[in-house]
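See structure below.
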Amino acid sequence: MVKEISQAVIGRLPRYFRYLGELKDDGVERISSQELSRIMNVTASQIRQDFNNFGGFGQQGYGYNVEYLYTEIGKILGLDKTHHLIIVGAGNLGQALANYMNFERRGFIFTGLFDVNPALYGKNIRGIRVRPMEEMADFVRQNNVDIAVLTIPKTEAEKVASQLTSVGIKAIWNFAHVDLAVPEGVQVENVHLSDSLMRLSYNINRYEAEKERPSGQA
């Protein structure tokens, strides 16, 4: 039986992976939980608890081997495998994501770009031409595509998601402003950019309110 890991722990794993990658690139061979705590602003006990979910990784009196820990967290995140992805929606956001070179470093291979706008057909984005939506289903089947990125209006997202899952897409990275309902077994990561901006606005307001509060007032 697979151990159930909390979403909070899973949410921290990419950050651990990123920091460890930077340490590895800087030539750091080992690090303690206290040192990692200072760098990441996460308590040392939290770091140890998180890693203990997966077996610990550290050695008493030694700490963590940076390259080994980086590799193991990469495996947990599935980054030791290659994923083929398409982007549905070749507007500004879709093109920006297609041009983001760092995907390949993580094993995400951008293979196709689709849109409903005939004016975009044939346009090349990093060597990938924009195709009409009518070609999407066959392309997914023929090219072992397992992830779809949606950068389309929310009115079309449910219909497109249904089409994608019916031809074997295993996961959807959804930038459409709607929470998708998909069949069991299909993974969805909903990214609401405006939600993130609103959280930022809340933190600005909270900080300003704290500054204006008279000293000693609860």
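The values are calculated or read from the model by the stated rules, or taken from the named source; none is laboratory data. Just so you know, these numbers come straight off a predicted model, no measurement behind them. Positions of Cβ are backbone-derived with ideal geometry, glycine not excepted, and every protein chain shown enters the neighbour counts. Side chains are part of the model used for accessible areas, which takes the heavy atoms of the whole protein and leaves out ligands, DNA and RNA. Shrake-Rupley method; radii C 1.70, N 1.55, O 1.52, S 1.80 Å.
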Kirkwood hydrodynamic radius (C-alpha pairs) into Stokes-Einstein, the stretch 1-61, 20 °C and 1.002 mPa s, D in µm²/s: 173 µm²/s
For the chain, what relative contact order do you get, as a whole percent, if you take Cα pairs closer than 8 Å and at least 6 residues apart? 13 percent
Restricting attention to the stretch 115-218, which chymotrypsin sites (Phe, Trp or Tyr not before Pro) occupy a DSSP loop and are surrounded by at most 15 other Cβ atoms within 10 Å? Tyr121
Mean 1/r over distinct Cα pairs of the chain, inverted to a Kirkwood Rh in Å, yields 20.2 Å
Between 0 and 90 degrees, rounded to the nearest ten: what's the tilt of helix 154-166 against the longest Cα principal axis of the chain? 90 degrees
Say the cut-off is 26 Å between C-alpha atoms; which of Lys81/Lys159; Lys75/Lys159; Lys24/Lys75; Lys81/Lys154 go over it? Lys81/Lys159; Lys75/Lys159; Lys81/Lys154
Helix 193-212 sits off the longest principal axis of the Cα atoms of the chain, rounded to the nearest 10 on a 0 to 90 degree scale, by 30 degrees
Can you give the Rg and Dmax of the stretch 32-143 based on its C-alpha atoms, in angstrom? 20.4, 63
How large is the helix-only mean residue ellipticity at 222 nm for the chain, computed as the sum of -39500 (n - 2.57) over DSSP H runs with n ≥ 4, divided by its residue count, in deg cm²/dmol to the nearest 500? -13500 deg cm²/dmol
Ignoring ligands, DNA and RNA, what accessible area per residue does the chain give at 1.4 Å, in Å²? 62 Å²
Return one number: the angle in degrees, 0 to 90 and rounded to the nearest 10, between the long axis of the Cα atoms of helix 66-76 and the longest principal axis of the Cα atoms of the chain. 40 degrees
